[in-house]
Amino acid sequence: MSAQQFDVCDLAAPGVRELMPYQPGKPIEELEREYGLSGVIKLASNENPLGPSPDVLRTISDSLSELSRYPDGNGFVLKQALCKRFDLEPGQITLGNGSNDVLELIARAFVTPDNEVIFSQHAFAVYPLVTRAIGAKAVMTPASAWGHDLDAMHEAITENTRLIFIANPNNPTGTWLSKPALHDFLKQIPPHVLVVLDEAYFEYAADPMMGVADYPDGLQWLAEFPNLIVTRTFSKAYGLAGLRVGYAVSHPDVADYLNRVRQPFNVNHLALAAAATALTDTAHLQRSVALNAAGLKQYYAAFDRLGLDYIPSAGNFVTVKVGEAAGINEQLLRRGIIVRPVANYDLPEHVRISVGSEKENQRCIEALETILQIP
């Protein structure tokens, strides 16, 4: 083949050719440069407005002197902290560069191009991404009331199904599955199918301040269901999104295979130290949950007053129907407010708004009121 005939697309794996790159929320600095703005607020990526706790910041500062060293590839200190906090064994834990990393490890370790992976409409964009990157068949089941239809997911199982992704609560809709419904579903899953219970927003949903009825703790079912994998993150309620650290908890045999494909130093030194400290600072976690619960009420009250339909959420965000969402998003950007349009989740008339501080939430509400010309 001559140089003129060469096309790198011919070299890419078929599943990768079908993918579009994941689009993260627009950074504050980029918007300020693009529109000549200052004082921009970002309510697009479900970040904790309080940030890390003072204890965590001190831990990071104390750890800076070790940056010339490779991190502990086994994450001993963080695994011990997780074991103490959740009554686990180290062999059940797989650490990741954010929970996204763990989701990819699961697919790489257990899914082949001959397999099928099931996930719901309106569910997290990473599920189809990791499925198609491997070349497996993606099976998207229709949503029910914006959330997972467990009956439809069960009916979609075939002998080729290897993996089911379930986000609880779901991103971007904030919907959640109750403990009885999810437990009944797990009892019906055949042993050749692994179920990944993505609990990225667990700390919010599980707290009584959020008022989420019958929300389950997936870790309590691991002994009963050896084909269950629970994933969590420090990016949300713990305020460590910039350090990228998450984890999976599973049967030790499952974790063994995940750790075989995991890169040796996939979690950096600062992240390991910060996450271990964050687990012990329950007061900061409670403040984060309290701020989030108040922020959701603030949004709900405003949306009710403005006559906007929204989806009640168990996370630190709310998805609201605004009409022509792309245009509304552009007008918000020009006012220095970054939210997340979710047309790529089959929600072209909605935007997802993260809960910020009380002042940030109010600024967003007032901007929407002006843009939508609601009297």
Given a 1.4 Å probe and every protein chain left where it sits, what share in percent of the accessible area of the chain is carbon and sulfur?
52
Please work out the average accessible area per residue across the stretch 126-229, using the 1.4 Å probe convention, and give it in Å².
39
Report the residue, chosen from F86, F234, F124, that carries the largest GNM mean-square fluctuation when the chain is represented by alpha-carbon nodes joined by springs under 10 Å.
F86
Placing +1 at every Lys and Arg Cβ and -1 at every Asp and Glu Cβ, with all other atoms neutral, what dipole size does the stretch 204-346 have around its Cα centre, in debye to the nearest 20?
580
Within the set of other residues whose C-beta is less than 13 Å from the C-beta of P54, count the net charge using Lys and Arg as +1 and Asp and Glu as -1.
-1
Summing +1 for each Lys or Arg and -1 for each Asp or Glu, what net charge is found among the other residues whose Cβ lies under 13 Å from the Cβ of F86?
-1
On full extension of the chain, what length is gained from A156 through D214, given 0.36 nm per residue of separation minus the C-alpha to C-alpha distance?
18.3 nm
Report ³J(HN,Hα) in whole Hz for each residue of the stretch 65-70, in order, from the Karplus equation J = 6.51 cos²θ - 1.76 cosθ + 1.60 where θ = phi - 60°; Gly and Pro get x.
5, 9, 5, 7, 9, 5
Not counting ligands, DNA or RNA, and with a 1.4 Å probe, what is E30's accessible surface area in Å² rounded to the nearest 10?
70
Given a cut-off of under 8 Å on Cα pairs at least six residues apart, what relative contact order in percent is computed for the stretch 47-147?
19
Across A283, A274, A294, the residue with the highest GNM fluctuation in the chain (Cα network, 10 Å cutoff) is A283
How large is the Kirkwood hydrodynamic radius of the stretch 96-171, in angstrom, based on all distinct alpha carbon pairs?
12.4
Across the stretch 153-253, what fraction of all alpha-carbon pairs, as a whole percent, falls in each successive 10 Å bin from zero upward?
14, 46, 32, 8, 0
Tally Lys/Arg at +1 and Asp/Glu at -1 over every other residue whose Cβ is under 11 Å from the Cβ of P172; what's the total?
+1
Rg from C-alpha atoms of the stretch 53-115, normalised by the globular rule of thumb 2.2 N^0.38 Å, equals 1.46
Tell me the volume per residue, in Å³, of the convex hull enclosing the alpha carbons of the chain.
170
Please compute the modelled spin-label separation between R85 and R58, points set 7 Å along Cα→Cβ, answer in nm with one decimal.
1.8
Tell me, what is the percent relative contact order of the chain, built from C-alpha pairs under 8 Å that lie six or more residues apart?
24
At what distance in nm do the modelled label points of A181 and R69 sit from each other, each positioned 7 Å from its Cα along Cα→Cβ?
4.8
Averaged over all directions, how much area does the convex hull of the C-alpha atoms of the stretch 93-132 cover when projected, in nm²?
3.2
Pairwise label distance in nanometres, K321 with Q373, each label 7 Å out on the Cα-Cβ vector
2.1
Dipole of the chain, positive end: most advanced residue of V195, G327, N292 [Cβ charges, Cα centre]
N292
Whole-Å semi-axes of the stretch 326-366's equivalent ellipsoid (Cα gyration tensor):
19, 12, 7
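The values are calculated or read from the model by the stated rules, or taken from the named source; none is laboratory data. Since this is a predicted model, take the numbers as computed values, not measurements. We place every Cβ from the backbone using ideal geometry, glycine too, and count neighbours over all the protein chains shown. The accessibility values were calculated without ligands, DNA or RNA, using every heavy atom of the protein model including side chains. Shrake-Rupley method; radii C 1.70, N 1.55, O 1.52, S 1.80 Å.
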